[in-house]
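Undergrad: Got a structure for you, written out below as structure tokens; questions coming shortly.
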2 protein chains.
Amino acid sequence: MNTTVGALIAVALLSQLLFNHPAAAEPARRNIVSPEVRADRTVTFRLLAPKVSQVILNAESGRKPMTKDDSSLWSVTVGPLEPDIYAYTFDVDGVATVDPRNGYVKTGRSTQSLVQVPGESPLYYDARDVSHGAVTVQWYPSKSLGTLRRMHVYTPPGYDAAAKVKYPVVYLLHGSGDDDSGWTWIGRANFIADNLIAEHKAKPMIIVMPAGHALPPPAPGEGKEHYVRNATAFQDDLLKDIIPFVETHYRADTNRERRAIVGLSMGGGQSLAIGLAHLDRFAWIGGFSSGGNLRDDKKELPAAGKETDKKLRLLWLACGKQDFLFNINQQFDELLTSRNIPHEFHVTEGTHTWRLWRPYLRDFLQRLF
Amino acid sequence: MNTTVGALIAVALLSQLLFNHPAAAEPARRNIVSPEVRADRTVTFRLLAPKVSQVILNAESGRKPMTKDDSSLWSVTVGPLEPDIYAYTFDVDGVATVDPRNGYVKTGRSTQSLVQVPGESPLYYDARDVSHGAVTVQWYPSKSLGTLRRMHVYTPPGYDAAAKVKYPVVYLLHGSGDDDSGWTWIGRANFIADNLIAEHKAKPMIIVMPAGHALPPPAPGEGKEHYVRNATAFQDDLLKDIIPFVETHYRADTNRERRAIVGLSMGGGQSLAIGLAHLDRFAWIGGFSSGGNLRDDKKELPAAGKETDKKLRLLWLACGKQDFLFNINQQFDELLTSRNIPHEFHVTEGTHTWRLWRPYLRDFLQRLF
């Protein structure tokens, strides 16, 4: 073995020992696996924590205490779980933490660990052996907000080669706990679209995923006012900056019949409010488990009648029966009915989680364009 | 106020109260700010944790105990700090956690919170008022590894408009604690390039940031063998899949004089090993705080002499004096000198952190093409 190779191997071994920096506080027991997902779809979560008195798994399915073995390894097993992607944290003596052994982390306003329980065959949101589009992390100058901002933009398979094709565009908005990476990182919007396009169930389209938090988080006690201010600021950013930028820098069709807006939770509220107030711009509108508020007190729903029926190609609402926002979505459905605004309201089982928003997106995209 | 607006405002308020899901274990004191970065560049970290007995700030600058006030709020103030981006975690009774109040999180093999201490004027890695390139999250099929993989690809300002220009390409590799998002998310490679290009200090170029972990993490006790297997697998992925994909799907120049490879830590070892063994493909090679090992026992450094001098346009090494890998980098420098391989070795102050890798990249990019 020559000197070069010897030196590099020594480096390799050193790196192995020391690659966690800053020096990890966690005791160095490197063979802990968490989460462990088994073939029977049970999942075991583990945390080495010698000095704490209680650890609770805080998951979408509820809170479950973990138990400590003789070596101070806390663990709990749940399931079998339905194939899906689940968020969780550990409650360590009252402090919510991510799983330090798990690199699959959800960022945004709340930081959580993620675990995927695979199905027996690839699911509609899995990366299958089909042509794949690309997701661009796109910075753009927002004159409305006076700052450089970020969005994610999905372009479909074949986009680069099809130099003269203009594509329809969906503006897809995230919820208040997420950021503009949420719809691809957790929501798998790109793979959902890839798979639908491959099966000819959806048209090739551009999906623009902006950042819906136009303002910094609210100060203590600043509730409704902040929400309205944020929604108004975001509407300006979307209509005056994002859409013009996309239509300049991407091969986006500018016809209203080829423009959709939809979102989840806060983003659902934004898409309903912006969309219904701007039928001249959006023919396809959706809201998943919608919350939030954009509309100020002077705005109304579009007037019922032929003009609206003609312009509004689709108004698609969905919500889980166990969602804390279910009642309000139901009331909105009833309001639309009483006003004779054509729409669909899809009621499903489930709470306020990504487990519903992925299938909602799958269903919604198939209806477009 | 009409019914619609009333309903939507009710939703807004509910969302405000409940937007953290799954239900946060942290007590609901929503006005805690952490980290708080002040104008004098001191930084205060805070964590509400009534039930734990010790919290330590675990930062790049070292470990510092936090103190608890009467309301169980732990805090510590550090600095003033040099303007830069710093990683940290909280050690909560021996468990390393991210800061639950801070959405700026580093993902990859280690999860850490990040805090940026701004300078008085925008720095070389800040988003300035210049033209910005785009970063594409690009999936590609890797035949070598038999799976779909992800990389990040930076395209410079004007890329879309310049339909016939071919650009030089830098392959930029991450370290073992990161993933393919590291160089943009923490390293700010895109903004560094934007700023240099705007100042005409670097050529417009494509920067390809692959995922350097070609294999799953090592099993317990599997050190050197895993490293070598991973490095070999990654070399195949890079040479046989990534580069051909990039040169098909992007307007990448295929001339070796317009192709560079560089990386940090594990990625530095990879770039030195792959680059020096493939001078037919790379004319520009660099290693920042290099570790790792790609070369198997049969490979050698290129032979000294005119042929190598002509092919190797730049071999650029850098390492911090306080880096745990400094000695090995110094030995590699000496080895290159003893073999008459032309190169540069830049010795700086500092340890094994991004605080060095961002300026190294800034310096290296200016030397290319």
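Read the figures in this text as sums done on the coordinates, not as results from a lab. Just so it is clear, the model here is predicted, and its values are computed rather than measured. Counting neighbours? That spans all protein chains shown, and the Cβs are built from the backbone with ideal geometry, glycine included.
Undergrad: Suppose you put the label 7 Å out from Cα in the Cβ direction; list, shortest first and in nm with one decimal, how far B:V37 is from each other copy's label.
TA: 3.5
Undergrad: When the dipole is taken about the Cα centre of the protein assembly as shown, and only Lys, Arg (+1) and Asp, Glu (-1) are charged at their Cβ, what size is it in debye, to the nearest 20? Walk me through the numbers on the way to the answer.
TA: Values: 84 positive and 80 negative charges, 241 e Å.
Charge dipole, the protein assembly as shown, about its Cα centre: 1160 debye, nearest 20.
Undergrad: List, in the order given, every pair from A:K203/B:K143; A:K166/A:K203; A:K143/B:K203 whose Cα-Cα distance in the structure shown is over 22 Å. Write down the numbers at each step before the final one.
TA: Details: A:K203/B:K143 28 Å; A:K166/A:K203 12 Å; A:K143/B:K203 28 Å.
Checking Cα-Cα distances, A:K203/B:K143; A:K143/B:K203 exceed 22 Å.
Undergrad: Could you give me the ³J(HN,Hα) list for the stretch A:246-260, computed from phi with Karplus coefficients 6.51, -1.76, 1.60 and θ = phi - 60°, whole Hz, x at Gly and Pro?
TA: With the stated coefficients, the stretch A:246-260 comes to 4, 6, 8, 9, 10, 7, 9, 5, 9, 6, 4, 5, 10, 9, 10 Hz.
Undergrad: Shifting gears a bit: Across the residues of A:323-332, average count of Cβ atoms on other protein chains within 10 Å? Could you put the intermediate results ahead of the total?
TA: Values: counts 0, 6, 5, 0, 4, 7, 2, 0, 7, 5.
Mean inter-chain Cβ contacts per residue within 10 Å come to 4.
Undergrad: When we measure straight from the Cα of A:K311, which lysines land under 19 angstrom away, once same-chain ones fewer than 8 places off are left out?
TA: In chain and number order, the partners are A:K299.
Undergrad: For a test of the definition: using alpha carbon positions, the gyration tensor, and the 1.5 limit on a/c, classify the stretch B:134-365 as rounded, prolate or oblate.
TA: rounded
Undergrad: Ok, one more. Residue by residue through B:49-55, how many Cβ atoms from other chains fall within 10 Å of the Cβ on average?
TA: Values: counts 4, 3, 7, 7, 4, 1, 1.
That average works out to 4.
Undergrad: Which of B:S290, B:S113, A:S75 has the fewest other C-beta atoms within 10 Å, and how do the rest follow up to the most?
TA: A:S75, B:S113, B:S290
Undergrad: On to the next question. For chain B, calculate the relative contact order in percent as a whole number, restricting contacts to Cα pairs under 8 Å that are 6 or more residues apart.
TA: Averaging sequence separation for qualifying contacts and normalising by length gives 12 percent for chain B.
Undergrad: Other chains' Cβ within 10 Å of A:239-246 residues: what's the mean?
TA: For this peptide, the per-residue mean of nearby foreign Cβ atoms is 0.
Undergrad: In terms of modelled amide H atoms, which long-range or inter-chain residues lie less than 5 Å from the amide H of A:E60?
TA: A:A87
Undergrad: Okay, helix-only estimate at 222 nm for the protein assembly as shown: each DSSP H run of n ≥ 4 adds -39500 (n - 2.57), divide by all residues, round to 500 deg cm²/dmol; what do you get?
TA: -7500 deg cm²/dmol
Undergrad: What are the distances, in nm and sorted shortest first, from the label point of B:N255 to the label points of the same position in each other copy, with each label point placed 7 Å from Cα along the Cα-to-Cβ direction?
TA: With the label placed 7 Å along Cα→Cβ, B:N255 yields 4.4 nm.
Undergrad: Name the aspartates and glutamates eligible as straight-distance cross-link partners of B:K310: C-alpha to C-alpha under 13 Å, and not fewer than 8 places from it in the same chain.
TA: B:E257, B:D280
Undergrad: Taking amide hydrogens as modeled 1.01 Å from N in the peptide plane, which residues meet the under 5 Å criterion relative to A:M66, leaving out close sequence neighbours?
TA: Distant-sequence amide H within range of A:M66: A:V55, A:I56, A:L57.
Undergrad: How far apart are the B:S131 label points across copies, placing each 7 Å from Cα toward Cβ, in nm, shortest first?
TA: List, nearest first: 3.0 nm.
Undergrad: Here's another thing I want to ask about it. Treating only the Cβ of Lys, Arg, Asp and Glu as charged (+1, +1, -1, -1), what charge dipole size does chain A show about its Cα centre? Round to the nearest 20 debye.
TA: 620
Undergrad: Would you list, by chain and number, the lysines whose Cα falls below 29 Å from the Cα of B:K64, excluding same-chain residues fewer than 8 positions away?
TA: Correct list for B:K64: A:K51, A:K68, A:K106, B:K51, B:K106, B:K321.
Undergrad: Is the shape of the stretch A:154-276 best called rounded, prolate or oblate, per the rule: a/c under 1.5 gives rounded, else a/b larger than b/c gives prolate, else oblate, with a ≥ b ≥ c the square roots of the Cα gyration tensor eigenvalues?
TA: prolate
Undergrad: Neighbour counts of other C-beta atoms within 10 Å: give me A:T184, B:T348 arranged from fewest to most.
TA: So the residues, fewest neighbours to most, are B:T348, A:T184.
Undergrad: What list do you get for A:S271, A:S181 if you sort them by fewest beta carbons within 10 Å?
TA: A:S181, A:S271
Undergrad: Taking amide H atoms as placed 1.01 Å from N in the peptide plane, list the residues 5 or more away in sequence, or in a different chain, whose amide H sits under 5 Å from that of A:Q112.
TA: Sorted by chain and number, the residues that satisfy this are A:K106.
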